[in-house]
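The values are calculated or read from the model by the stated rules, or taken from the named source; none is laboratory data. All values reported here derive from a predicted model rather than from experimental measurement. Reconstructed Cβ throughout: ideal geometry from the backbone, glycine too, with neighbour counts over all protein chains shown. Each accessible area value is taken on the protein alone, full model and side chains, heavy atoms only, with ligands, DNA and RNA left out. Shrake-Rupley method; radii C 1.70, N 1.55, O 1.52, S 1.80 Å.
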Amino acid sequence: NAGVTQTPKFRILKIGQSMTLQCTQDMNHNYMYWYRQDPGMGLKLIYYSVGAGITDKGEVPNGYNVSRSTTEDFPLRLELAAPSQTSVYFCASIDRGRKGYTFGSGTRLTVV
Amino acid sequence: TQLLEQSPQFLSIQEGENLTVYCNSSSVFSSLQWYRQEPGEGPVLLVTVVTGGEVKKLKRLTFQFGDARKDSSLHITAAQPGDTGLYLCAGGSNAGGTSYGKLTFGQGTILTVHP
C-alpha cells in the first residue's frame, strides 16, 4: 500500500540548475496536485491535473512545469532554479468525488 | 482569491489542557478539511465537514463547521504529547463550477504538548 511516493527526499541545487521532482501514485486516482510549503504560509498550489494529458496552473506556477503522461505519474520540473524556490514540495492525489487528499512525504529542496 | 486565516499560529500547552484552533474566512466553502502533519511527513487527513453547523468527533478531537460555512474550529480535550504537530485547515470551493478538488490552506497551527 504505497499511496503517493515522492523522490528525492532531499536535494540541494545551485542557482540556474534544473531538476525533476518525481511523484507516483498507485491508487488509480484521477486528480493530482503539486503544492509547496513555506514556514508560516500553509500550502500553495503550483499545478494540478485532472487526468492523463490534462494539466493546469495553480496559484504559484511561475518557474515550474508539469506533465501527466500516465494516470500514475505527475513529475514537477524546475528549469532554472532560483533561491525563491527553496521550499518543501508535496504531491497529493484524490479520487474524483472523494473529499480528502493523500499526500506524499515531501521533497525538501534548497537552492544555493 | 479565497483566504483562510488560522489562529493561533503557535500553541504550547501542558498535557491534560484543552485547546481550540480557529479557521476563518470571508468566503464560503463547500467543504472544510483538517489535516495533521508531523515533521518530515506529508499532511494526513483528520476529518472533512461539508454541512453548515456540522460537528464531528474523533476521539478527543471535535471539529465544527460554521453555520455560514465560512469558518471552522478544532477543539482538543485533555491534550496529550502525541497530539504535538502542525494542524492545517483547508477549504474546498465549487465557486464558478467544479473546483477539481483544489484546496485553499490556512497557514497552520504548530501545537506543542508538554508532558
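Which three extents, in angstrom, do the Cα atoms of the protein assembly as shown have along their principal axes, listed largest first?
48, 40, 35
So in the protein assembly as shown, what percent of DSSP beta bridges are antiparallel if you round to the nearest 5?
90
Tell me, rounded to the nearest percent, the portion of alpha carbon pairs in chain A spaced more than 16 Å apart.
I get 55 percent for the Cα pairs in chain A exceeding 16 Å.
Using the alpha-carbon centroid of each, what span in Å lies between the range B:51-115 and the range A:7-42?
If we compute the Cα centre of each part, the gap is 24 Å.
Using a 1.4 Å probe on protein heavy atoms only, how many Å² of accessible area do B and A hide from each other, summed over both chains and rounded to 100?
Buried surface at the B/A interface: approximately 1600 Å².
Tell me which lysines have Cα within less than 21 Å of residue A:9's Cα, excluding those fewer than 8 residues away on the same chain?
A:44
If you take all C-alpha pairs in chain B, what percent of them are over 22 Å apart?
29
Leaving ligands, DNA and RNA out of it, report the carbon-plus-sulfur percent of the accessible area of chain A at a 1.4 Å probe.
Answer for chain A is 50 percent, counting heavy atoms of protein chains only.
How shielded is B:101-110 by partner chains, expressed as the average number of their Cβ atoms within 10 Å of its Cβ atoms?
6
Sort A:88, A:60 by heavy-atom solvent-accessible area, probe 1.4 angstrom, most to least.
A:60, A:88
For residue A:22, what charge total do you get from the other residues with a beta carbon under 15 Å from its beta carbon, if Lys and Arg give +1 and Asp and Glu give -1?
Overall, the nearby charge balance is +2.
Just to make sure I understand: if all protein chains stay in place, what is the order of B:59, A:44 by accessible area at 1.4 Å, largest first?
Largest accessible area first, the list is B:59, A:44.
Using the heavy atoms of the protein chains alone and a 1.4 angstrom probe, what is the accessible area of the range A:7-99 per residue in square angstrom?
The answer is 49 Å² per residue.
Dipole size in debye (nearest 20) for the range B:1-59 around its Cα centre, Lys and Arg Cβ +1, Asp and Glu Cβ -1?
220
Can you find, among A:53, A:37, A:22, the residue sitting farthest towards the positive end of the charge dipole of the range A:7-99, where Lys and Arg contribute +1 and Asp and Glu -1 at Cβ?
Going by the Cα projections, it comes out as A:37.
I need the calculated FRET efficiency for the pair residue A:18 and residue A:95, taking r as the beta carbon distance and R₀ as 41 Å, to the nearest 0.05.
The pair residue A:18/residue A:95 has a calculated efficiency of 0.80.
Among all the aspartates and glutamates, which ones have a C-alpha under 20 Å from residue A:14's C-alpha, if same-chain residues fewer than 8 places away are not counted?
A:38, A:79
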